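> Sharing a structure here in structure tokens format.
Derivation of every value follows stated rules applied to the coordinates shown; laboratory data play no part. Values in this document were obtained by computation on a predicted structure and should not be read as measured data. Here the Cβ positions follow ideal geometry from the backbone for every residue, glycine too, while neighbour counts run over all protein chains shown.
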Amino acid sequence: MNWGQLAITVVTLVSILGVVTLVLNMQYGQAGMINFGVVAYVAAGAYTYVLLTQPPPSEASLDQYAIGLDLPVWVGFIGAALAGLAFAALTGWPTLRLRGEYLALTTFAFAEVFHSFIVNEQRFANGTRGLVGVPRPYREELAFIDYDILLAGVALLFLAIVYFIFERMVRSPYGRALEALRDDELALVTSGKRSTRFRMEIFLFTAPFAAMAGAFYIWYTTLAIPDLFTAEMTFIVWIALILGGEGSNRGALIGITLVILFEELIRAIPFETIRAAQIAASLEVAALGVLLIVFLRWQPFAALTRTRRRVLRS
């Protein structure tokens, strides 16, 4: 087992999916909005980044995607953020009027519609085949550095920036208004504030960060295929948030670290046969479920969440 490579992989994935978990924590843990379609914003950013930075398809290739602008990397990241914002604006208007399980089902439905689109529309990004071997930016110019370590560092820096922004927001009066929206929406409305405006604002503000995380995910995988952006990613992020304790940004990061570390340790185990690897993959899902049940029963990070909320209310 290569512990060094394992550590780099864990740091990279925790940094990327940690941003998505923080976004979900702001939407649900702080504002009380159940979003079961968060993967759609990640996918929107990822595909936008690829289509903006990839060259157009050549006549000799089998690619069928219609758009390839071959623009700089920074344009791809800006485009990814704008795509996340646009998708949030498109889906937020009809969904945020709903509450509870209706909101959850509607956001999940929008994510499934978008996934169906990228699967079936060949001219968008090659359908189920997707785009394979997406070049990592500046790899040749930075050949003297271990690129995996560099990517892990950049992703970790991005996570730190997002964490700082969200923490400042949570500790501000605006963050306390979001808590009021989550805990007692009637009291918030009675105080003269519009709950619908707060819901839309936090939805629009956080979605671009999830979309930029999607661009980083493309850097890591070098793939843009529909199988990477299924409901499984949404459930992993939700499990991480529940493990760490909703309402706490630190708890969200602890949760996603536990999930990623657990999954990567299982995948790093060498198996002698393909059958054994398939059994281990099946048991990985079951073991993750057992881990979730244990954490829900004993709630080891509940004190962290309660402490954070007491600080916010003081």
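> Quick one: go through region 9-25 and flag any residue whose amide nitrogen is under 11 Å from the point 7 Å out along the Cα-to-Cβ line of residue 156.
Once the point is set 7 Å along Cα→Cβ of residue 156, 9-12, 15 turn out to lie under 11 Å by backbone N, inside region 9-25.
> Highest mean first, what order results for 36-47, 123-134 on Cβ atoms within 10 Å? If you can, show how the numbers build up before the last one.
On the way: 36-47: 28.6, 123-134: 16.0.
Result, highest mean first: 36-47, 123-134.
> Apply the Karplus curve 6.51 cos²θ - 1.76 cosθ + 1.60, θ = phi - 60°, to the phi angles in region 118-123 and return the couplings in whole Hz, x for Gly and Pro.
Result, ordered by residue: 6, 6, 9, 8, 5, 6 Hz.
> Using label points projected 7 Å from each Cα along Cα→Cβ, tell me how many nm separate residue 75 and residue 264, to one decimal.
It works out to 3.4 nm between the two label points.
> Let me ask something else. R0 = 25 Å: FRET efficiency of residue 105 with residue 227, Cβ-based, nearest 0.05?
Numbers: r = 23 Å, r/R0 = 0.93.
Using R0 = 25 Å, I get an efficiency of 0.60.
> Something else about it: Working from Cα positions, state the angle (0 to 90°, nearest 10) between the long axis of helix 231-244 and the longest principal axis of the chain.
50
> Further question on the same structure: If I stretch the segment between residue 193 and residue 6 completely, what's the gain in nm (0.36 nm per residue apart, minus their alpha carbon distance), one decimal? Working shown, then result.
Values: separation 187, 0.36 × 187 = 67.32 nm, distance 4.81 nm.
Difference between extended and current length: 62.5 nm.
> While we're on this one: Taking the chain as the reference, fit the longest principal axis to its C-alpha atoms, fit the long axis of helix 147-171 to the helix C-alpha atoms, and give the angle between the two in degrees, 0 to 90, nearest 10.
For 147-171 against the chain, the angle is about 20 degrees.
> Which whole-percent values make up P(r) of the chain when all C-alpha to C-alpha distances are grouped in 20 Å steps starting at zero?
With 20 Å bins starting at 0, P(r) equals 31, 58, 11, 0.
> Quick check: pseudo-label points 7 Å beyond the Cα along Cα→Cβ at residue 61 and residue 128, how many nm apart are they?
So the label points at residue 61 and residue 128 sit 2.1 nm apart.
> Sticking with this one: Specify the angular offset, from 0 to 90 degrees and rounded to the nearest 10, of the alpha carbon long axis of helix 195-221 from the longest principal axis of the alpha carbons in the chain.
30
> Report ³J(HN,Hα) in whole Hz for each residue of region 19-35, in order, from the Karplus equation J = 6.51 cos²θ - 1.76 cosθ + 1.60 where θ = phi - 60°; Gly and Pro get x.
Along region 19-35, the couplings run 5, 5, 5, 5, 4, 5, 5, 5, 6, 9, x, 9, 9, x, 9, 7, 10 Hz.
> Additional query: Quick one: if you stick a label point 7 Å off each Cα along the C-beta vector at residue 142 and residue 293, how many nm between them?
Result: 4.3 nm between the two label points.
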